Amino acid sequence: MITHPSSSEDRPACPSVTRQSSVARSSTWSPPAAASPTQVAADLDISELTIYVWQCQRLIDTGQPPGMTSTDHAELVAARRRIAELEVEVEIRRRAAELLKEVVAPKDATGDRGDGLVRLPVQLACRVLGVAESGYYEWRGRSPSARDLRHVWLTDVIRKVHADSFGV
């Protein structure tokens, strides 16, 4: 295997235009005037193996041999990245749920009000949600905004229409 003397970490990735032009110049399937992969690799200061891999990928992208096309590969990378983000989100929620279970016992979770809502200490809730306590208290003391009032009114209208239509 022919490799470049410097590590790949020190070098940026080649743009797709460079890949396309180097494959066209060195392709054994091009006219006889094509340059050898060794010459193209030396001209671009990359390994000969890289040229070979690019040539094989070009053939796969054109449907000649079976394999994963560049487009499919890009979609797969994006899907894996999104899955990793979702797994992190699920883990954060799982940890928060575990933290809440440890701190608030089920019998103590409901307050005196008898409405069945979970009551948490303000400090704990703010820490889990990542907000400052002062911001919470400031928010709690505010009067409802015009948007909040409209939302309450609209919710009442929707409930009335739903009830009038016999739940349909």
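Could you check segment 48-120 for helices (runs of 4 or more DSSP H) lying wholly inside it with 3 or more residues that are at pLDDT below 80 and out of contact with any Gly (no Cβ under 9 Å at 6 or more places or on another chain)?
The qualifying helices (runs of 4 or more DSSP H) are 70-103, 106-109.
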### Query
What residue, among those in segment 136-162 that are within 26 Å of A97 (Cα to Cα) and surrounded by 11 or more Cβ atoms within 10 Å (Cβ to Cβ), is farthest from the chain's Cα centre (by Cα)?
Y137
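The values are calculated or read from the model by the stated rules, or taken from the named source; none is laboratory data. Only a predicted model underlies this, so the values are computations on that prediction, with no experimental measurement involved. Here the Cβ is made from the backbone with ideal geometry for all residues, glycine too, and neighbour counts use every protein chain on show.
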